[in-house]
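Before any comments, here is the structure.
The values are calculated or read from the model by the stated rules, or taken from the named source; none is laboratory data. Values in this document were obtained by computation on a predicted structure and should not be read as measured data. Here the Cβ positions follow ideal geometry from the backbone for every residue, glycine too, while neighbour counts run over all protein chains shown. Surface areas here come from the heavy atoms of the whole protein model, side chains and all, with no ligands, DNA or RNA. Shrake-Rupley method; radii C 1.70, N 1.55, O 1.52, S 1.80 Å.
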Amino acid sequence: MKVPFFDYPQLYKKDKLLIDEKLDLIMNRGAFILQNDLVEFEKKLEEYAGAKHALGVANGTDAIWLSVMACGLKPGDEVLMPSHTYVATPAAVNFLGITPILVDCSDDHLMCLDDLNKKISSHTKAVMPVQLNGRTLNMDQLNDIATKNDLIIIEDAAQGLGSKFKGKMAGTFGIAGTYSFYPAKTLGCFGDGGAIITNDTGLYKTLYELRDHGRDEAGNYKRWGLNSRLDNMQAGILLAKLEILDNEIKRRREIANLYHDALSAFKEIKLPPKPDEESAHFDTFQNYEIDCNDRDNLKSHLASKDVGTIIQWGGKAIHQIKALNLHTILPKTDKLFEGCLLLPMNTTLTNQQVEYVIDSIIEFY
């Protein structure tokens, strides 16, 4: 059997009828930029996330960049964020002349709040939690820290849409939350795409203008802006797929249960929490990231069985990328990156494929 890490052709084939119907309507209307499909998607995303405002943008990186810009952070300010994240998180901050300060990770691979507390300085203006792998950080504790230190929260929820902490959606805890719709995401389009959500109407108006060359809803230029519009075809695809998102998440949680039930007895492997194991967390399993002994040999063994795996971020946390010059000592993150591995986790997988992955891991250990 062959189990690719992600089967991109199958991603289209499994929802082909749903997507083709939507694209046919858009193409025949000639509706390509800032059309009704985008407006409708933004409204549906607001409803799904439980937020006042949603704004489609060109990609998840722009979503972070625009949010930081709109919040008025200035060169010389510092933003705290985990090192276990994609390079887009610190890059979006760095390109505005703001300094990313990297924080160690906890046992659940999310940002360590104890280490974050230690790194707050007089220059710290914001904290950017990354809702990683479809799991939301303990936002009660983070809100307490932010309030005590007068910090704003901008969430990088690129991998978080659908996940919740105490019933509240990832992305809705701070002044702004950002999503990515990269094709492999739980809600993905067939190209680049992203969104920002906020409950702050003034911030939304600023973001609306920044997204489209500084123009307001009446078409008047109010400021310098960028071209970061979510194109209408991608918005239409996302609108169609949003209708089935809860079923997609349900399937991911079923696969997570299969992995957990079969592998939890192995002391060589540390697994993510099982679905519903922790009442405060609703995890969507955007990724299934394990921490395992003899990781590199396990990865090679699985490759020999035609099972695809990856190590997130090309195998390096942000502080380990020498070219970025963000040197800091993060022992927990260093240790994690000696053993972390992503197993196949997406809704194109059959139960038989999941069982084959499990059997191959059991064979190795």
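Some points to look at:
- Packing-based ranking, highest mean first, of 301-311, 333-343 given that Cβ atoms within 10 Å are counted: 333-343, 301-311
- Rounded, prolate or oblate (a/c below 1.5 giving rounded, otherwise prolate when a/b exceeds b/c) for the stretch 109-236 by Cα gyration tensor: oblate
- Coarse-grained scattering of the stretch 1-61 at q = 0.12, 0.24 Å⁻¹, given as base-10 log I(q)/I(0) from a Debye sum over alpha-carbon atoms: -0.47, -1.08
- Anchor Lys305: lysines whose Cα lies under 29 Å away (excluding residues fewer than 8 positions away in-chain): Lys2, Lys13, Lys14, Lys185, Lys250, Lys267, Lys270, Lys274, Lys316, Lys335
- Relative protection proxy for 179-192, 37-50, 156-169, from highest mean packing down: 156-169, 179-192, 37-50 (other beta-carbon atoms within 10 angstrom).
- List Arg252, Arg29, ordered by accessible area with a 1.4 Å probe, largest first: Arg29, Arg252
- Top of Pro129, Pro100, Pro75 by mean-square fluctuation, Gaussian network on the chain, Cα under 10 Å: Pro75
- Global geometry of the stretch 170-236, whether rounded, prolate or oblate, following the gyration tensor of its Cα atoms and the 1.5 cut on a/c: oblate
- Exposure check, 1.4 Å probe, all protein chains in place: Tyr365 carries approximately 70 Å² of accessible surface.
- Accessible-area value, Asp114, 1.4 Å probe, nucleic acids and ligands omitted, Å²: 110
- Probe 1.4 Å, all protein chains present, accessible-area order of Asp216, Asp107, Asp140, largest first: Asp107, Asp140, Asp216
- Span from the the stretch 61-112 Cα centroid across to the the stretch 135-150 one, whole angstrom: 16
- Mean separation of Cα contacts under 8 Å, 6 or more apart, over the residue count of the stretch 1-132: relative contact order %: 19
- In the stretch 142-299, taking the dipole from charged Cβ atoms about the Cα centre, the farthest positive-side position among Ile290, Phe173, Phe190 is held by Phe190.
- Unit charges at the beta carbon, dipole of the chain: most positive-side option, Leu73, Thr85, Leu326: Leu73
- Heavy-atom accessible surface of the chain, averaged per residue, reaches 44 Å², computed with a 1.4 Å probe.
- Projected-area average for the chain over all orientations - Cα convex hull basis, square nanometres: 18.0
- The stretch 244-291 and the stretch 169-209: distance between their alpha carbon centers, rounded to Å: 25
- Under the criterion of Cα pairs below 8 Å and six or more residues apart, the relative contact order for the stretch 216-364 equals 27 percent.
- Listed peptides 1-8, 208-215 by packing density, highest first (mean Cβ within 10 Å): 208-215, 1-8
- Carbon/sulfur fraction of accessible area - the chain, other protein chains in place, 1.4 Å, %: 50
- Cross-link partners of Lys118 among aspartates and glutamates, defined as those whose alpha carbon lies under 13 angstrom from its own and excluding same-chain residues fewer than eight positions apart: Asp104.
- DSSP beta bridge pairing in the chain, given as percent antiparallel to the nearest 5: 60
- Working from Cα pairs under 8 Å separated by at least six residues, relative contact order for the stretch 197-272 is 15 percent.
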